[in-house]
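Notes follow once the structure below has been shown.
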Amino acid sequence: MSLFIDNPDIIALQPRLQDDDSGVRRIALIDLADLEEPDALPLLTESLLNDDDADVRGEAARLLAAWEEPEVIEALCQALIDPSENVREFAAQSLTQLKEAESGQFILPWVNNKDVSVRRRALRALRELRYVESAQPAINALTDDDAIVRREAVGVLAWLKHKPALLALAKLASSDADVDVRRAATGALGFAADPQLLPELYRALGDNQWQVREEAAATLGKLGFKDAGTELIEALEDDYWQVRLQAARALGKLRFSPANSALIILLKHSISNLRKEAALALSELGDQHALVALRQAENDADPEVRKAIRIAVTQLNGRFA
């Protein structure tokens, strides 16, 4: 491809960009990108799409990160079907660096590509752009045969905070066959304070995989419905301490006073992170009866737990002074 260029710095690099040695071409691309000149973009995209060497194409894909020009985005999307996996991954990573929502219009057609890896990467690139037009394609992708595609689609809808997708997300949270999809969907429900979601989150709190239960407890805390308090108290007895920790944190956020006794018991748990979270939650509940238990735990072996207890005691003393 012949390109007309009148920039002297770029012209000086052209012989190296056309060198027979792929290593020379790759280093020349780096020098070209260092110029940070829009005039260099056609040469970078040309190398991405047409260089014979995968390492050179991959370097071009990496160097094009964060450029928002349509021709760059289209070239990076085209590189998602490059024969080299490394090139495809570099292109995907560069697409995730885009910041302008309207850049999503060039990525969106790739969401329906027959290649599952392209669908995954296109949705991943769309996620943080919050491109409104990606909502419906993402909803459609919730039923994709591939679990990673479904999970990436959940991410797109969560970043968009797309309320029309709530019922579909709730269904995934409780019934998808893949644990990572269920976990992502459970977390995504936290963007809308809708009490109708509570039954689905309670089901997720009883999921057979602890990662989903952990996410459900965290989401219930985020939503702030005190009606969830009783369910969260039960989660304090979960077999996994990670679930207990999130349940304790959520109960603190809810300031659910009936949890006081259960949280006091956790001050003696063998896991220090859980003791710390219990202390902080007790400070939020504001129950004067917790002061005795907290003072008894002031000499905890873990310095972070002792710090949390001091904070809790100070906060409670301030309330009842």
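For this structure, a couple of remarks:
- S134, S270 arranged by Cβ crowding within 10 Å, fewest neighbours leading: S270, S134
- Checking every one of the GluC sites (Glu not before Pro) in segment 236-321 against DSSP loop status and a limit of 16 other Cβ atoms within 10 Å picks out E237, E298.
- Using the Cβ-Cβ distance between E102 and N273 with R0 set to 41 Å, the FRET efficiency works out to roughly 0.45.
- Paired Rg and Dmax values of segment 218-321, which use every Cα atom, in angstrom: 12.4, 38
- For the peptides 212-221, 66-75, 240-249, the ranking by packing is 212-221, 240-249, 66-75, with the highest mean count of neighbouring Cβ atoms within 10 Å listed first.
- Segment E234-D55, length gained on full extension (0.36 nm per residue, minus Cα span): 59.0 nm
- Under the Debye formula (equal points on every Cα, no solvent term), log10 I(q)/I(0) of segment 21-177 at q = 0.10 Å⁻¹: -0.38
- Net charge of the neighbourhood of S84, taken over other residues with C-beta under 15 Å away and scored Lys/Arg +1, Asp/Glu -1, is -4.
- Average Cα contact separation per residue, the chain, under 8 Å, 6 or more apart, as relative contact order %: 7 percent
- Residues T45, T96, T186, ranked from the fewest to the most other C-beta atoms within 10 Å, line up as T96, T45, T186.
- The ranking of K114, K253, K226 by Cβ neighbour count inside 10 Å, starting from the fewest, reads K114, K226, K253.
Each reported figure results from applying straightforward, stated rules to the coordinates on display, with no laboratory input. Just so you know, these numbers come straight off a predicted model, no measurement behind them. Glycine also receives a Cβ, built like all others from the backbone with ideal geometry; neighbour counts cover every protein chain displayed.
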